[in-house]
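Here is the structure we will look at, set down as structure tokens.
The values are calculated or read from the model by the stated rules, or taken from the named source; none is laboratory data. All values reported here derive from a predicted model rather than from experimental measurement. Neighbour counts are summed over all protein chains in view; Cβ atoms, including those assigned to glycine, are modelled from backbone coordinates with ideal geometry.
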Amino acid sequence: MTEIEERKSWMSLLAKAPAADLDRLWSALGLAPDYGYLRAPEAGGVMVRGRAGATGAPFNLGEMTVTRCSVRLRGGEVGHAYVQGRDKTHATQAALIDALMQTGQADAVRAAVLDPLTEALQTARATRAAKAAATKVDFFTMARGED
Amino acid sequence: MQADALDGGFADAPIEAARAFRAAMSAMARPGRIERLEGAAPPAPLSPAAGALILTLCDPETPVHLAGAHDAAALRDWITFHTGAPLVGPDGAVFAVGDWDALQPLDAYRIGTSDYPDRAATLIVEMPTLTPQGARLTGPGIKDAAQLSLPETAAFRRNAAQFPLGLDFFLTCGDSVAALPRSTRVEDR
């Protein structure tokens, strides 16, 4: 995985993670980096677009609320975050983690925050898939008595 | 992208952008009147007033043209990060920024159409000085007459002759801004 793809994957994870989970893990990590805002957290709307069957013409699915934030650490690393919802703390924490992932503390942050979040996301997905699988109906053609 | 290029946006965007918009609107409504525009700290060579105008007026739907020395990497990054405005050539630009000489020729910019005279470019001209002396301005928004130090008068007269089409100008210097809409008549003193 290239550097950009790797960064995309953790930014995506932070964007989708529940704010409460991220807050709990970030507080438990106990880091208090020195930072300044390049762009203070601000909430806004983005248009989510999709393609039917992933190949059709693009259409507007609907608007969603996002909060974005950019920070710079004292060392000069810049972190960006776009997260779903209007939680400014969430956006700030996500931007800080993005910045810290570019420093020597990356491994500690990954172990304490990113790995548990990935695990929680996968568990949630598996649970949802299992629930859906339990309701699966097998359709079959019944003999229609014509023969 | 250089991290230094990301500094210098509005610290409190909603309030500072509203103040800057008010200043820009007052300047445009009263041609020749010099207003103060503060809050932005763009990378050189952009002046703080021109930076505040860009932060306030530009977004992803307003292509910007950077003329001459203003077409610098740091400034491109700064505009992209803070506004998301696409950077284009003079023919596609809604806003153009630069020194007077770098912005020439003026006929490269869009002046609107008879159906849509609003589809014209607004030029932000960076001036070495900006004082209420020099060319005589008359027209809508000016009681009797106003004076403003313009780089030349012939080009502005030609522009005003195209009314209702034509370009609109913001003139910036440091944290001062004045405006010259296409409706203003310009005469030499």
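Which of the following residues is touching a Phe, Trp or Tyr at 6+ places or on another chain (Cβ under 8 Å) and either outside any loop (DSSP other than H, G, I, E, B) or under 21 Å from B:Leu55 (Cα atoms) (or both): B:Val177, B:Val97?
On inspection, the qualifying residue turns out to be B:Val177.
Here is a list: A:Leu22, A:Leu96, A:Leu100. Which entry is surrounded by 16 or more Cβ atoms within 10 Å (Cβ to Cβ), touching a residue at least 60 places away in the same chain (Cβ under 8 Å) and under 14 Å from the mean Cα position of the chain (by Cα)?
Checking each option against the conditions leaves just A:Leu22.
Could you name every one of the helices (runs of 4 or more DSSP H) located completely within region B:12-87 that has at least 2 residues being over 22 Å from A:Ser70 (Cβ atoms) and not aromatic (Phe, Trp, Tyr)?
Hits in region B:12-87: B:13-29, B:48-57.
Name every residue in region A:31-46 that is under 19 Å from A:Gln84 (Cα atoms), surrounded by 12 or more Cβ atoms within 10 Å (Cβ to Cβ) and away from chain B (no Cβ under 12 Å), in order of residue number.
None - no residue of region A:31-46 is under 19 Å from A:Gln84 (Cα atoms), surrounded by 12 or more Cβ atoms within 10 Å (Cβ to Cβ) and away from chain B (no Cβ under 12 Å), so the list stays empty.
Looking only at strands (runs of 3 or more DSSP E) that lie completely in region A:1-120, which have at least 1 residues being under 27 Å from B:Asp12 (Cα atoms) and at pLDDT below 90?
A:35-51
A:Arg49: within 14 Å of chain B (Cβ to nearest Cβ) and either of a type outside the set (Ser, Thr, Tyr) or closer than 30 Å to B:Asp7 by Cβ (or both), yes or no?
So A:Arg49 does not fit the description; no.
Being of a type in the set (A, V, I, L, M, F, W, C), surrounded by 18 or more Cβ atoms within 10 Å (Cβ to Cβ) and within 14 Å of chain A (Cβ to nearest Cβ) is the filter here, so list the residues in region B:18-51 that pass it.
B:Ala40, the sole residue that qualifies.
So which of B:Ile54, B:Ile79 ends up being under 26 Å from B:Arg119 (Cβ atoms), surrounded by 19 or more Cβ atoms within 10 Å (Cβ to Cβ), free of Cβ contacts under 8 Å to residues at least 60 places away in the same chain and not acidic (Asp, Glu)?
B:Ile79
Output the number of residues of region A:30-56 satisfying the condition of being of a type in the set (A, V, I, L, M, F, W, C) and more than 19 Å from the chain's Cα centre (by Cα).
Residues flagged as of a type in the set (A, V, I, L, M, F, W, C) and more than 19 Å from the chain's Cα centre (by Cα) within region A:30-56 amount to 6.
Go through the residues of region B:95-105 one by one and say whether even a single one is in contact with a helix residue (DSSP H, G or I) (Cβ under 6 Å, 6 or more places away or on another chain), more than 14 Å from chain A (Cβ to nearest Cβ) and without any contact (Cβ under 8 Å) to a residue 24 or more places away in the chain.
Checking region B:95-105: not a single residue is in contact with a helix residue (DSSP H, G or I) (Cβ under 6 Å, 6 or more places away or on another chain), more than 14 Å from chain A (Cβ to nearest Cβ) and without any contact (Cβ under 8 Å) to a residue 24 or more places away in the chain.
Only residues that are within 10 Å of B:Val186 (Cα to Cα) and hydrophobic (A, V, I, L, M, F, W, C): list them for region B:132-144, please.
B:Ala135, B:Leu137
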